[in-house]
1. Using the Kirkwood radius built from alpha carbon pairs, what does the Stokes-Einstein equation give as D for the range 1-63 at 37 °C and 0.692 mPa s, in µm² per second?
2. Under 16 Å from a label point 7 Å along Cα→Cβ of Glu11: give me every residue in the range 133-160 with its amide N that close.
3. Looking only at the chain, where both bridge partners belong to it, what percent of the DSSP beta bridges are antiparallel (to the nearest 5)?
4. Mind checking which of Phe39, Phe119, Phe81 has the largest fluctuation in a GNM of the chain, springs on alpha carbons under 10 Å?
5. At Glu62 and Ala32, where each label point lies 7 Å from the Cα along Cα→Cβ, what is the point-to-point distance in nanometres?
6. Name the residue, out of Ala12, Ala44, Ala66, whose mean-square fluctuation peaks in a Gaussian network model built on the chain with Cα pairs under 10 Å.
7. Projected area of the chain, taken from the Cα convex hull and averaged over every viewing direction, in nm²?
8. Which of the lysines could a cross-linker bridge to Lys35, judged by Cα under 16 Å and excluding same-chain residues fewer than eight apart?
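What follows draws every value from the coordinates through simple rules; no lab data is involved. What you see is a predicted model, and the numbers here were worked out from it, not measured in a lab. Cβ: placed from backbone, ideal geometry, glycine included. Neighbour counts: every protein chain shown.
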Amino acid sequence: MTIKVGDKLPEAKLGMMKDGTPGGISVSELTAGKKVALFAVPGAFTPTCSAKHLPGYKEKAEAMRAKGVDTIACVSVNDVFVMNAWGKDQDVGDDVLMLADGNGDFTKALGLEMDGSGFGLGKRSQRYSMIVDDGLVTQLNIEEPGEFKVSAADYMLGQL
């Protein structure tokens, strides 16, 4: 079953680099008492994700914070090292928290898994964005396969 507006995010551990060392953060730690703009991409370093999706959130970070967003987080079914390297490559700094869903457990729990085997990607995340208030989904935008519209930073900014 796919997560929907009004649902609480499932608990999971997401990978991230902390002081140059692989670490993690739980979904509850990430969202407790915060408004989080969370978006997911099928893969780090992939064309649309690198050219439009992640750069849009970096570009709109200040405007999102001005509208009450505490944290902007990017999730992908990649490992923590890849997500860290991609964040550095895209120069996101502290604007976007780069989170690895290495085994896809969080993605699967959300019901937003896709099969990218036809492209050699294996199981990945669908492209989506959501606004999460203190662990509850208040907005959810799931892209149709091959699309990039409703998960974009501009679209989310209009929902805040």
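1. Working: Rh = 14.1 Å.
For these conditions, the coefficient is 233 µm²/s.
2. Inside the label zone: 135-136.
3. On the way: 23 of 33 bridges.
Close to 70 percent.
4. Among Phe39, Phe119, Phe81, the largest mean-square fluctuation in the Gaussian network model of the chain belongs to Phe119.
5. 3.2
6. Ala66
7. On the way: hull surface 33.1 nm².
So the mean shadow area of the Cα hull is 8.3 nm².
8. Candidates past the 8-residue exclusion: Lys8, Lys60, Lys67.
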